[in-house]
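For reference, the structure discussed in these notes is given below.
The values are calculated or read from the model by the stated rules, or taken from the named source; none is laboratory data. Treat the numbers as computed from the prediction; the structure is a model and nothing was measured. Cβ placement follows ideal geometry from the backbone for every residue including glycine, while neighbour counts extend to all protein chains displayed. Heavy atoms of the whole protein, side chains included, go into the accessibility calculation; ligands, DNA and RNA do not. Shrake-Rupley method; radii C 1.70, N 1.55, O 1.52, S 1.80 Å.
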Amino acid sequence: MQKLFRQIPSLDLLLKKPQAVELCQKFAYSTVAEQARLLINQARQFIAQHQALPSFISEEKAFFCILEGNLQALSNVKIRTVFNLTGTVLHTNLGRGLWSEKTIEAATNAMRHHIALEFDIDEGKRSHRDNYISELLQTLTGAEAACIVNNNAAAVLLMLATFAQGKEVIVSRGELVEIGGAFRIPDIMCQAGCKLVEVGTTNRTHLADYRNAITENTAFLMKVHTSNYHIEGFTSSVSEEALVALGKAFNLPVVTDLGSGSLTNMQALNLPNEPLVQQKVAAGVDLVSFSGDKLLGGPQAGIIVGSKTMIQQLQQHPLKRVLRCDKVILSALEATLRHYLFPEKLPEALPTLNLLTQSLEELQNKAERLKNALNKRLNADYILQIEPSHAQIGSGALPTERLPSVAVTISAEKQRDLLALEKQFKAYPSPIIGRIAQGKMWLDVRSVAQFERLIEMLGNHKTKP
Ligand SMILES: *Cc1c(COP(=O)(O)O)cnc(C)c1O
């Protein structure tokens with residue numbers, strides 16, 4: 001065995017070889033040395049276990065091949081791109097929506113160049129980073145001002161912390177939502193140091209319930225959009241208009257957490273109705289919060305619009321500094337919002353709306369092309385079919401409303417083959433993510449962006465599960 005150990009070349013010797021010198025130029029000397037040392041250690045362990053020389057020591061070429069592979073793996077970004085065929089268009093686990101080309105351009109501009117983020121070029125003096133977007137949102141929503149934070153959860157926290165710390169907030173029992181990822185209204189209230197006052201019942205809450213709960217310690221009346229569930233049957237809730245009137249009588253602000261919200265009429269696009277931000281503003285709500293990366297179709301952000309004096313107070317709260325957005329997100333959000341100045345062009349411009357408004361005919365066509373491409377890749381154990389499917393918007397938007405869609409389904413005699421298929425799909429350069437239901441793999445074509453790239457990948461990548 002000692003003889004075998006002695007055949008392992010020294011690190012010094014290896015690093016002087018021309019292949020190593022080349023790798024040091026491409027990567028970095030210290031990293032190459034460290035990775036080479038790890039390989040040498042592996043060789044020692046191999047000898048101790050097997051009493052034989054590993055092939056990557058007996059063949060010098062193999063050693064440098066593995067070394068280069070390991071160095072390359074270190075420099076490759078691990079967050080992989082995937083093809084979303086889950087049927088959920090805004091899939092939070094897959095990064096929600098894609099950005100418009102203009103949005104991507106604005107974001108990369110902000111990355112490459114200095115930008116006048118907090119600088120008024122005309123006046124030649126300091127300004128505020130939310131100013132550009134605030135002006136745009138005034139036009140789009142009719143609100144007096146806006147404040148932008150990291151996401152809508154942050155928006156809710158900031159509103160509560162600024163106006164309700166140590167005070168009471170009145171919310172209907174029917175609206176105490178939990179959004180995926182442990183965002184729960186009662187917990188966020190606790191974090192913001194305020195007391196939740198629940199009124200009404202799960203199915204019915206009346207104006208008098210709010211009125212009876214008002215004390216001298218009430219900070220505001222709050223509405224939370226029940227984004228991800230729907231209560232049916234004997235129900236009743238209080239409209240923003242009625243709450244605003246009550247608030248006025250008691251000199252209390254009304255705040256709405258809209259969740260997804262929308263700036264354009266979804267029904268005009270043949271999509272399920274989603275409350276409009278501008279409607280809430282028009283109803284007199286003092287602060288409305290919504291997400292940048294749900295139906296809006298932009299980057300992750302929390303947007304608060306409303307009364308100028310209240311927005312100013314939000315801007316001055318120390319938490320705003322903690323929750324503020326960076327230049328890339330603000331540039332991207334501005335670019336996304338500008339699309340809303342041209343409403344008829346929205347489905348063309350914003351990838352999320354583009355996917356959601358595809359006709360069944362387009363989807364059928366895509367499904368056929370996908371089926372053909374897959375047919376060439378799968379062996380005879382698999383049966384491919386085109387079937388009607390139900391897609392959804394996702395991210396908590398209207399979960400009870402399903403969008404008609406088309407899927408390629410793949411079934412196999414044995415469950416084992418289906419698992420092998422799933423594994424195979426994960427092995428593609430950009431893994432294909434579908435869903436398994438009713439003993440089949442469903443590939444819903446409504447949610448897949450970059451469809452041509454998917455077909456191309458299936459054409460190029462020669463593996464047969
Ligand atoms: C989605 C949602 C949130 C959280 O928004 P994020 O942007 O995901 O942080 C909060 N409230 C409601 C009602 C929501 O639908």
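Which residue pairs have Cβ atoms under 7 Å apart, sit 6 or more places apart or on different chains, and have a first residue in the stretch 345-368 that is closer than 15 Å to Gly87 by Cα and in contact (Cβ under 8 Å) with a residue 60 or more places away in the chain and a second that is open to solvent by less than 30 Å² (accessible area, probe 1.4 Å) and among the basic types (Lys, Arg)?
Close Cβ pairs satisfying both conditions: Leu355/Arg446; Gln358/Arg446; Leu363/Arg446.
Can you tell which of Gly298, Gly233, Gly261, Gly292 is under 21 Å from Leu346 (Cβ atoms), modelled with pLDDT under 95 and not hydrophobic (A, V, I, L, M, F, W, C)?
Of Gly298, Gly233, Gly261, Gly292, the one residue that is under 21 Å from Leu346 (Cβ atoms), modelled with pLDDT under 95 and not hydrophobic (A, V, I, L, M, F, W, C) is Gly261.
If we keep just the residues of the stretch 272-292 that are assigned to a loop (DSSP other than H, G, I, E, B) and away from the ligand (no atom under 13 Å from the Cβ), which is farthest from Gly142 (Cα to Cα)?
Within the stretch 272-292, the match that is farthest from Gly142 (Cα to Cα) is Pro272.
Of all residues in the stretch 358-381, which are at pLDDT below 95 and open to solvent by 20 Å² or more (accessible area, probe 1.4 Å)?
Asn375, Lys376, Arg377, Asn379, Ala380, Asp381 - these are the residues of the stretch 358-381 that are at pLDDT below 95 and open to solvent by 20 Å² or more (accessible area, probe 1.4 Å).
Got at least one residue in the stretch 208-230 being open to solvent by 10 Å² or more (accessible area, probe 1.4 Å), on the phi > 0 side of the Ramachandran plot and not in a strand (DSSP E or B)?
Within the stretch 208-230, not a single residue is open to solvent by 10 Å² or more (accessible area, probe 1.4 Å), on the phi > 0 side of the Ramachandran plot and not in a strand (DSSP E or B).
List every residue pair whose Cβ atoms sit under 7 Å apart, with the two residues 6 or more apart in sequence or on different chains, where the first one lies in the stretch 170-194 and is polar (S, T, N, Q) and open to solvent by 70 Å² or more (accessible area, probe 1.4 Å) and the second, anywhere, is within 13 Å of the ligand (Cβ to nearest atom) and not in a loop (DSSP other than H, G, I, E, B).
Gln191/Leu157
Output the number of the condition that Pro431 fails; it satisfies all remaining conditions of (1) in contact (Cβ under 8 Å) with a residue 60 or more places away in the chain; (2) surrounded by 20 or more Cβ atoms within 10 Å (Cβ to Cβ).
(2)
Before we move on, is Ala145 within 16 Å of the ligand (Cβ to nearest atom) and either of a type outside the set (Lys, Arg) or on the phi > 0 side of the Ramachandran plot (or both)?
No, not satisfied.
Name, by its number, the condition in (1) within 16 Å of the ligand (Cβ to nearest atom); (2) in contact with a helix residue (DSSP H, G or I) (Cβ under 7 Å, 6 or more places away or on another chain); (3) more than 30 Å from Arg402 (Cα to Cα); (4) not polar (S, T, N, Q) that does not hold for Val322.
Unmet for Val322, out of (1) within 16 Å of the ligand (Cβ to nearest atom); (2) in contact with a helix residue (DSSP H, G or I) (Cβ under 7 Å, 6 or more places away or on another chain); (3) more than 30 Å from Arg402 (Cα to Cα); (4) not polar (S, T, N, Q): (2).
Looking only at the stretch 65-88, count how many residues are among the polar types (S, T, N, Q) and free of Cβ contacts under 8 Å to residues at least 12 places away in the same chain.
Of the residues in the stretch 65-88, 2 are among the polar types (S, T, N, Q) and free of Cβ contacts under 8 Å to residues at least 12 places away in the same chain.
Out of the residues in the stretch 303-343 that are in contact (Cβ under 8 Å) with a residue 40 or more places away in the chain and part of a loop (DSSP other than H, G, I, E, B), state the one that is most open to solvent (accessible area, probe 1.4 Å).
This residue is Leu341.
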